[in-house]
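Reading through the structure tokens given below for one structure.
The values are calculated or read from the model by the stated rules, or taken from the named source; none is laboratory data. Quick caveat, the model's predicted, so the values are computed rather than measured. Virtual Cβ from ideal backbone geometry, glycine too; neighbours counted across all protein chains shown. Please note that ligands, DNA and RNA were not included when accessible areas were found on the heavy atoms of the full protein model with its side chains. Shrake-Rupley method; radii C 1.70, N 1.55, O 1.52, S 1.80 Å.
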Amino acid sequence: MRFILSFFTAVSLLAGLASCRVQNTPPELVSLTPARSYIGQQVTLSGYQFGREPVVMVGESTTAVSASVVSSDESTIQITVPHIRPQQHPVRVRTSEGTTDPLPLSVLQPPPVLTGVTPGNALAGTDIVLSGDYLSQFQRVRFENTIAVIKDSSSAQRIIVTVPATLARGPHTLVVETSGGQLTYPFIVAGTPTVTTISPKEIRPGGQLVIQGTNLLNGVVAINGLTTDRNQNVITDTQIKAVVPTNATTGQVTVTVFERLIATSTDTLKIVQQPALTSLSARDGIAGDKIVLNGLNLRDITRVNFGDTPATFRLLNDTQIEVTVPVLAGSATVAVSAVSAGGTATAADRFLYYEAPSNITFTPARQLRGQPITISGQDLYRITDVKVAGESVPITTRYEGTGLLVNVPVTTGVSGVITVTNRAGSAVSARPLVVVQQPLVTSIAPTKGKIGDRVTIKGNYLQDAQVYFTGSAAPAANDGKNEDTERWVLVPADAKTGPLRIVNATNVAVNTDDFTIVKSVTITDFTPKLASIGAQIVLTGQNLDTVKDVRFNNGTTPAKFVLEGTSLRITVPTGADIGPICLISEAGTTCSTANFVLFRN
């Protein structure tokens, strides 16, 4: 009997042990605190046998989402409500021992969160992406009161909408409305501005800067951080013409649209101040001279002009430029100017450009030593030397550019050209200056003659000289030629045999060899008028003592004659016939006005 009890006791013990090995302890979910919660908030699950690694599932079995476990022990679990559709969802705890029965959790939609909009600005009609969280259960998206079209809302973290086509450019408020609430976000309806070019790249204060680009409408221009006056600017979507402020400095150009959208130029804008020229190191010069221009803000000079002619130059510093005087069209007083992007500066002092003298003439053509002559010509500027017949003479008076007054050297003994010199070169007169000296007579022809005859005098310095015949009170009359080397004069009526006295501008008289005055024979009358061959005729007149020959028949038939005081006794020759009686002397032939008549027996 004891054996049977022991057997049943052993069997019962084994059965109990076997029962302990197959019996499990599944988790039990008792409560959720709170039972209503927003996504992302923590919920405490209370119950039993949660074990070491419980898994909390939210949602129906086919679409359940695992919640993040913050902490757990055998009786409590803290989870974060996962991203799941806001509504009532079953919550279960699953362990290795089993799964609890569900408890309901009302998942609430939190207010939407917007972390960004891409792009941050866009033109009307452009699709934009709203990024953030809790963007599901949306009701609408609007810009102020204008509803936007939703292109894609499949994610709680991302919505694609289209900017309404009717929106004006400028800042707007983007409003996202969901069942969890609404949010606002600033948005600019505008394209992103770009600056493609600026022109010019060097400019003066007050100058107009042209900015090319895109989406520039409503842009505010700044130069190196200094804002320009928008009221002075002309703005379109692709171009802005801006006036550079007076206090602008070198730097990049920015265009700010609606205070947030900024475009920056790639190029740096160089601000060039207005240059100024205060003085010239020389106020006159010739081509090739180097002069220094003094002034201010000269570092950026790009061109120097003499009048309209550009000159080569070298920058010395910001206040000095070395310039080479260019070749100009002719002598002239010109303005000197320097040009930069900052403007044009013109020197107050004008510059005299001059060339070598030319076309030299002078008056009088003949002059005494020590006496003045006036020199004329072209480009008689800054004359440094005048030579008369090779001898330098001082300039007594200057008529700058057109004339000079000098004196003939007192030491010169020769005539010669006049040479005028300045730094640009020299010019020589086309003809020589005759330096008048005392007359020089080399010959007189003829050496004798009658009243009214031409006498030719040769020598030098005879032009305009006065020629006096012996016995004459007045100078002889000119007979045509009046040159330094040859004079023609007429024997005056009161001339007598003797030397000629010649006086020129030197007032020095020169006497020649004797000039013989040949007296002309005059016939007063003869008698008888009728006579036969061999008869004698008495002829009266003047200067009959000079008669060398008597002829009848109009000077063809010679006759014998004898001088008797103031008359001639003439024998009628054979062959004489009717005609005048002619007397021949050194003065020439003189014939009677009455005819001789031959008496025939």
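Restricting attention to region 22-38, the residues being surrounded by 15 or more Cβ atoms within 10 Å (Cβ to Cβ) and closer than 19 Å to Ser71 by Cβ number 5.
Considering (1) loosely packed, with under 13 Cβ neighbours inside 10 Å; (2) under 30 Å from Gln252 (Cα atoms); (3) charged (D, E, K, R), the lone condition that Arg169 does not fulfil carries the number (1). Within region 545-566, the residues that satisfy the criterion of being within 17 Å of Asp525 (Cβ to Cβ) and surrounded by fewer than 17 Cβ atoms within 10 Å (Cβ to Cβ) are Leu563, Glu564, Gly565, Thr566.
When Val117, Val129, Val93, Val107 are checked against the criterion of being at negative phi, in contact with a Ser or Thr (Cβ under 8 Å, 6 or more places away or on another chain) and either open to solvent by 20 Å² or more (accessible area, probe 1.4 Å) or not in a strand (DSSP E or B) (or both), Val129 stands alone in meeting it.
Within region 315-346, which residues are charged (D, E, K, R) and part of a strand (DSSP E or B)? Step through it out loud before you land on a result.
Initial filter on region 315-346 (charged (D, E, K, R)): 318, 322.
Across region 315-346, the qualifying residue is only Glu322.
Across region 242-271, the qualifying residues are those that are assigned to a loop (DSSP other than H, G, I, E, B), within 15 Å of Thr228 (Cβ to Cβ) and not hydroxyl-bearing (Ser, Thr, Tyr), and the one among them that is most open to solvent (accessible area, probe 1.4 Å) is Asn247. The set of residues in region 355-398 that are in contact (Cβ under 8 Å) with a residue 40 or more places away in the chain and assigned to a loop (DSSP other than H, G, I, E, B) comprises Glu355, Ala356, Pro357, Ala365, Arg369, Gly370, Tyr381, Arg382, Ala389. State whether one or more residues within region 140-160 are in a strand (DSSP E or B), over 60 Å from the mean Cα position of the chain (by Cα) and acidic (Asp, Glu). Within region 140-160, one or more residues are in a strand (DSSP E or B), over 60 Å from the mean Cα position of the chain (by Cα) and acidic (Asp, Glu). Of the strands (runs of 3 or more DSSP E) lying entirely inside region 399-476, not one carries at least 2 residues that are without any contact (Cβ under 8 Å) to a residue 12 or more places away in the chain, of a type in the set (D, E, K, R) and surrounded by fewer than 15 Cβ atoms within 10 Å (Cβ to Cβ).
Cβ-Cβ contacts under 7 Å between residues 6 or more apart (or on different chains), taken from a first residue in region 218-237 that is on the phi > 0 side of the Ramachandran plot to a second residue that is of a type in the set (Lys, Arg) and open to solvent by 40 Å² or more (accessible area, probe 1.4 Å), are listed as Asn218/Arg169. Being outside any strand (DSSP E or B) and exposed (fewer than 13 other Cβ atoms within 10 Å of the Cβ) is a property that does not hold for Ser136. Inclusion of Ser340 among residues that are within 35 Å of the chain's Cα centre (by Cα) and small (Gly, Ala, Ser) is warranted. Listed by position, the strands (runs of 3 or more DSSP E) enclosed by region 37-78 include none that has at least 3 residues that are over 19 Å from Ser106 (Cβ atoms), in contact (Cβ under 8 Å) with a residue 12 or more places away in the chain and polar (S, T, N, Q). Scanning region 96-103 for any residue that is under 15 Å from Ala35 (Cα atoms), in contact with a strand residue (DSSP E or B) (Cβ under 9 Å, 6 or more places away or on another chain) and outside any loop (DSSP other than H, G, I, E, B) turns up at least one such residue. Applying the set (1) modelled with pLDDT of 95 or more; (2) open to solvent by 10 Å² or more (accessible area, probe 1.4 Å); (3) closer than 29 Å to Asn297 by Cβ to Gly206 leaves exactly one unmet item: (1).
Can you tell me which residue is surrounded by the most Cβ atoms within 10 Å (Cβ to Cβ) among those in region 578-588 that are assigned to a loop (DSSP other than H, G, I, E, B) and modelled with pLDDT of 90 or more?
Let us first name the residues in region 578-588 that are assigned to a loop (DSSP other than H, G, I, E, B), namely 578, 580-581, 586-587.
Still in the list and also modelled with pLDDT of 90 or more: 578, 580-581.
Values: Ile578: 12, Pro580: 18, Ile581: 27.
Once the filter is applied, the top-ranked residue is Ile581.
Based on this model, can you work out whether Val243 counts as aliphatic (A, V, I, L, M) and either at pLDDT below 95 or farther than 17 Å from Pro205 by Cβ (or both)? Considered against the rule, which asks whether it is aliphatic (A, V, I, L, M) and either at pLDDT below 95 or farther than 17 Å from Pro205 by Cβ (or both), Val243 comes out as no.
Collect the residues in region 335-346 that are of a type outside the set (Gly, Ala, Ser) and surrounded by fewer than 18 Cβ atoms within 10 Å (Cβ to Cβ), keeping them in residue-number order. Can you show your working first?
Taking region 335-346 as the starting set, the residues that turn out to be of a type outside the set (Gly, Ala, Ser) are 336, 339, 344, 346.
Within region 335-346, Val339, Thr344, Thr346 qualify.
Quick one: how many residues across region 285-317 are closer than 26 Å to Thr249 by Cα, open to solvent by 50 Å² or more (accessible area, probe 1.4 Å) and not β-branched (Val, Ile, Thr)? Lay out the reasoning, then the answer.
Filtering region 285-317 down to residues closer than 26 Å to Thr249 by Cα leaves 293-304, 314-317.
If we keep only those that are open to solvent by 50 Å² or more (accessible area, probe 1.4 Å) as well, we get 296-297, 299, 302-303, 314-317.
Those left that are additionally not β-branched (Val, Ile, Thr): 296-297, 299, 303, 314-317.
Total meeting the criteria: 8.
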